[in-house]
Amino acid sequence: MAGNKGRGRAAFTFNVEAVGFSRGEKLPDVVLKPPPPFPDTDYKPAPLKTGESEDYVLALKQELRETMKRMPYFIETPEENQDIERYSKRYMKVYKEEWIPDWRRLPRELMPRKKCKKAGPNSKQAKDRGKGTPLINPSDVLKKIEELEKQGDGEKSDEENEEKEGSKDKSKEGDDADDEDGAAEQEDYDEEEQEEENDYINSYFEDGDDFGADSDDNMDEATY
Amino acid sequence: MTQAEIKLCSLLLQEHFGEIVEKIGVHLIRTGSQPLKVIAHDTGTSLDQVKKALCVLIQHNLVIYQVHKRGVVEYEAQCSRVLQMLRYPRYIYTTKTLYSDPGELIVEELLLNGKLTMSAVVKKVADRLTETMEDGKTMDYAEVSNTFARLADTHFVQRCPLVPTTDNSDPGPPPPAPTLVINEKDMYLVPKLSLIGKGKRRRSSDEDAAGEPKAKRPKHTTDNKEPIPDDGIYWQANLDRFHQHFRDQAIVSAVANRMDQTSSEIVRTMLRMSEITTPSGAPFTQPLSSNEIFRSLPVGYNISKQVLDQYLTLLADDPLEFVGKSGDSGGGMYVKDLHKALASLATATLESVVQERFGSRCARIFRLVLQKKHLEQKQVEDFAMIPAKEAKDMLYKMLSENFISLQEIPKTPDHAPSRTFYLYTVNILSAARMLLHRCYKSIANLIERRQFETKENKRLLEKSQRVEAIIASMQATGAEEAQLQEIEEMITAPERQQLETLKRNVNKLDASEIQVDETIFLLESYIESTMKRL
């Protein structure tokens, strides 16, 4: 407000009468509360359209809603076990037909990886790990160290490198842990490759198990 | 995405696909496109469930995926597509009116399943139709696939983008996700299928009762044929085409209301003629000469060429300009200005909302401002012929509800109120947006209320369902009337009353949802068509 003239009306820079208040009339109080959740309506709503087609669409809608619940696409949340088994529950169960998606149309990563569960996923994974990691890792490390030495960046880079390795290992571990608990998965397609491709994401978005430790490391790094 | 839209999407997803899908879907709508692992991490859902949910969403065309560099697949939700789930009953009903029962069921199956192969649709539909028929009668596959072909001809169903066939000789690892290709030429091409057979009843007892030898059946059906003839060719409902149909119907009925039945029939003919030639998003139809229109009028319509010309001139002269004249050749060339038609429909919707919310005198002011474009406050009071004080009150009320906007034009650069013009105007686009937003909100409220009502009475509903099931099974076994009566009395009179109230309330809420969606459709099409012009 421009100026503090302090004499009631004069606090406004415009003619109050223009907004519909006659001279000497009291201005309404300032409203300080939110509007009511169910404000009074001045006019009653018009009635809904009714007719044969409206009724039919209504029936269709309700039927569609019920059918949708019985489709295989409706994923129910797994219920927690109830102490008492209700007799009525048995009748409530709906039997859904199975739905097999056309995997040719979907990204490969969406395939559930279930098949080797019976074949002992742990042993297979252990083998994989035994084969895979030692072969890849040392050579990688050596290469990296060599590169870094060429750059001639002394101790610092070495330390950094170590740090990187450390975090990489950690993320790898995290990976494996993840794979194990998701042992329902893993199938024919190449695990190693997938990991290489997604390396970046894995190490950044692992489910937060060792997030605290990592961030600590980063803190240390930041101090020197 | 506004909060109201997200809320509505969440409710719709939850109702159609359950809570897990809802969680993933809403997360995607909020955050935009994201890779799988990030979704799982951010939503705190197990990877398995995220995968399942994504499969469901992709199946229903609600999520699309894209391969990014480094082979990361990102998923993106289609918010506007999710909102169209509201309209599913209307799509189905429309096909029923156009193509009767087989058409209805075809579109219903496609909407329920997202996408399906033609053979699967035909089989399902034939089975369902057979079940509703009397004993001994069956639905022929051929009839259903004929309807399907007609639906494809009129573009109501279309092919989904295809996975290109790759030769296996390709070395190197397969891509992380298939790239889907749209083949414009084949979009509506129905694969040549020899679908022979009839719909089956689900119960084998029915078959026995029908007295047909069992061994004969399987030969007819495609069940045990290993290679499916149209494997990989999926179909979906073409919602844009449905929208085009809705829009045309809205225009036709508007013309009928404004002028008369005959003129609406002429407009309908014009629209039908340009249905296939004009793309659904075009602002104008192709110009049509009056001779062409005359030839295409429905056979039973007995109006002379002269009368038709008079009608066309009348339609072109109407201030709402449902039909525009584009030239004089060929007895006069006429176009249908679709954008303008949508604009007048949207404006009419706004006007009627103002009238129902604020009364007819406010509606008068609103129409006045609409007509005169810009008006000063004093002018509004004078032109509307409403006492100054009341007029101000109404004007401010509409201003505060954002139906009317205020434009300041300062005479001096300091914007001093005493030296500024204040012009009131109606910005139709922004008012339509505001109203659309409100519609989303009210539908969300309606759904929530409905869910609340059902939840409150859950126990009662379950009981009545159980009783009904018992009665049905007893009737099947041939129980006596007295026994049935006894079971029916398990639901007490007050309970029955409560159930009836519930049913009435739910019906009302559902009907309101459907009808609010009609307004949503109008406003959405108007906004979309305006945005295309800008």
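Summary table below
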| quantity | calculated |
| --- | --- |
| Residue list for the stretch B:362-379, filter: farther than 21 Å from B:S418 by Cβ and either at pLDDT below 90 or away from chain A (no Cβ under 13 Å) (or both) | B:R364, B:I365, B:F366, B:R367, B:L368, B:V369, B:L370, B:Q371, B:K372, B:K373 |
| Flag for B:E134 being charged (D, E, K, R), surrounded by fewer than 19 Cβ atoms within 10 Å (Cβ to Cβ), touching a strand residue (DSSP E or B) at 6+ places or on another chain (Cβ under 9 Å) and away from chain A (no Cβ under 11 Å) | no |
| Residue match in the stretch B:491-500 (condition: surrounded by 13 or more Cβ atoms within 10 Å (Cβ to Cβ), part of a helix (DSSP H, G or I) and in contact (Cβ under 8 Å) with a residue 40 or more places away in the chain) | yes |
| Residue list for the stretch B:380-397, filter: away from chain A (no Cβ under 13 Å) and surrounded by 15 or more Cβ atoms within 10 Å (Cβ to Cβ) | B:F383, B:A384 |
| Considering residues of the stretch B:332-365 that are of a type in the set (A, V, I, L, M, F, W, C) and over 25 Å from B:A256 (Cα atoms) only, the residue nearest to the chain's Cα centre (by Cα) | B:F358 |
| Residue within the stretch B:57-71 that is polar (S, T, N, Q), open to solvent by 20 Å² or more (accessible area, probe 1.4 Å) and within 18 Å of B:H245 (Cβ to Cβ) present | no |
| Tally of residues being closer than 16 Å to B:N291 by Cα and among the charged types (D, E, K, R) across the stretch B:306-324 | 1 |
| Qualifying residues in the stretch B:15-34 (those that are crowded, with 19+ Cβ neighbours inside 10 Å and facing chain A (nearest Cβ under 7 Å)) - the one nearest to A:K61 (Cα to Cα) | B:H16 |
| Out of B:S400, B:S418, sole residue that is farther than 30 Å from B:A346 by Cα, without any contact (Cβ under 8 Å) to a residue 12 or more places away in the chain, assigned by the TED database to the domain that holds B:G359 and open to solvent by 60 Å² or more (accessible area, probe 1.4 Å) | B:S418 |
| Hey, B:S119 within 22 Å of the chain's Cα centre (by Cα), more than 9 Å from chain A (Cβ to nearest Cβ) and open to solvent by 10 Å² or more (accessible area, probe 1.4 Å) or not | no |
| Tally, over the stretch A:44-59, of residues that are in a loop (DSSP other than H, G, I, E, B) and of a type in the set (A, V, I, L, M, F, W, C) | 2 |
| Some residue of the stretch A:60-82 being open to solvent by less than 30 Å² (accessible area, probe 1.4 Å), modelled with pLDDT under 75 and outside any loop (DSSP other than H, G, I, E, B) | no |
| Per-region count, the stretch A:51-69, residues of a type in the set (D, E, K, R) and under 36 Å from the mean Cα position of the chain (by Cα) | 5 |
| Residue that is on the phi < 0 side of the Ramachandran plot and out of contact with any Asp or Glu (no Cβ under 6 Å at 6 or more places or on another chain), where the choices are B:L62, B:L13, B:L36 | B:L62 |
| Residue in the stretch B:43-56 that is within 11 Å of another protein chain (Cβ to nearest Cβ) and touching a strand residue (DSSP E or B) at 6+ places or on another chain (Cβ under 7 Å) present | yes |
| Residues satisfying the stated conditions in the stretch B:86-104, i.e. touching a Leu at 6+ places or on another chain (Cβ under 9 Å) and either farther than 13 Å from A:L64 by Cβ or open to solvent by 20 Å² or more (accessible area, probe 1.4 Å) (or both) | B:R90, B:Y93, B:T95, B:K96, B:L98, B:Y99, B:D101, B:P102, B:G103 |
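The values are calculated or read from the model by the stated rules, or taken from the named source; none is laboratory data. A quick note: this is a predicted structure, and the numbers were derived from the prediction, not measured. Don't worry about glycine lacking a Cβ; one is built from the backbone with ideal geometry, like all the others, and counts go over all protein chains shown. For accessibility, only protein heavy atoms count, side chains too; no ligands or nucleic acids. Shrake-Rupley method; radii C 1.70, N 1.55, O 1.52, S 1.80 Å.
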